[in-house]
Amino acid sequence: MDGEHFRISRMDQLKHLNDLIQESLTQSGELIITIFDARRRSGQQNMLQHAMYREIGKQLYGGDMEHAKAECKLTIGVPLLRASNEKFKELYDKNFKAGLSFERKLELMAIVDISSLLSISQANEYIGQIYDRYAEKFSWSDFISRSQKALAEKEKEKRG
């Protein structure tokens, strides 16, 4: 989707944005406005993701945390970003989707930022999907289960 994107972090920036919205609406007669939570994942989310990668690596891949991390990024993180970020989708599809084997894509995940691009709400979704997918394959440690549950409850409270 073409258009303009604005990152707002202070209330005083709203006047300028409101002026631009009014001008664009006057010119075009119709707008689509989408609002995203621009905060990036929290330290708690980052810590839990890495604990999950370690646990997956230990349980399924002989301790290979990097393989687990790449698999999560490719099979869960990439679809989340493709669904929410048109530019990411375009670049990923152009450079990764066609012609690369799954194994090659896993190798490339070692150098491609995926989870660090997620917003706080996307990171919660990412963690939830990792938890659910791998719970079908093994039992999570108590630490990971409690941490994931606490993050999910915190997100639920935030949504009201």
Does ILE120 count as among the hydrophobic types (A, V, I, L, M, F, W, C) and at pLDDT 90 or above?
no
Of the residues ALA123, ALA150, ALA135, which single one is over 14 Å from the mean Cα position of the chain (by Cα), closer than 21 Å to HIS67 by Cα and not basic (Lys, Arg)?
ALA135
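For (1) among the β-branched types (Val, Ile, Thr); (2) outside the structural domain of GLU155 (by TED's automatic domain parsing); (3) over 30 Å from TRP140 (Cβ atoms), each residue gets a yes or a no:
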| position | (1), (2), (3) |
| --- | --- |
| LEU17 | no, yes, yes |
| ILE21 | yes, yes, yes |
| ALA51 | no, no, no |
| ILE56 | yes, no, no |
| ALA68 | no, no, no |
| PRO79 | no, no, no |
| PHE102 | no, no, no |
Being surrounded by 12 or more Cβ atoms within 10 Å (Cβ to Cβ), in contact (Cβ under 8 Å) with a residue 60 or more places away in the chain and assigned to a helix (DSSP H, G or I): is that true of TYR134 here?
yes
Which of the residues belonging to segment 108-131 are surrounded by 14 or more Cβ atoms within 10 Å (Cβ to Cβ) and not hydrophobic (A, V, I, L, M, F, W, C)?
SER115, SER119, SER121, GLN122, ASN124, GLU125, TYR126, GLY128, GLN129, TYR131
When segment 129-155 is checked residue by residue, the ones that are modelled with pLDDT of 90 or more and among the basic types (Lys, Arg) are ARG133, LYS137, ARG146
Is it fair to say GLU107 is assigned to a helix (DSSP H, G or I), under 14 Å from the mean Cα position of the chain (by Cα) and modelled with pLDDT of 90 or more?
no
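The values are calculated or read from the model by the stated rules, or taken from the named source; none is laboratory data. Here the structure is a predicted model, which is why all the values come from computation and not from measurement. So basically every Cβ, Gly included, is an ideal-geometry build from the backbone, and we count neighbours across all protein chains shown.
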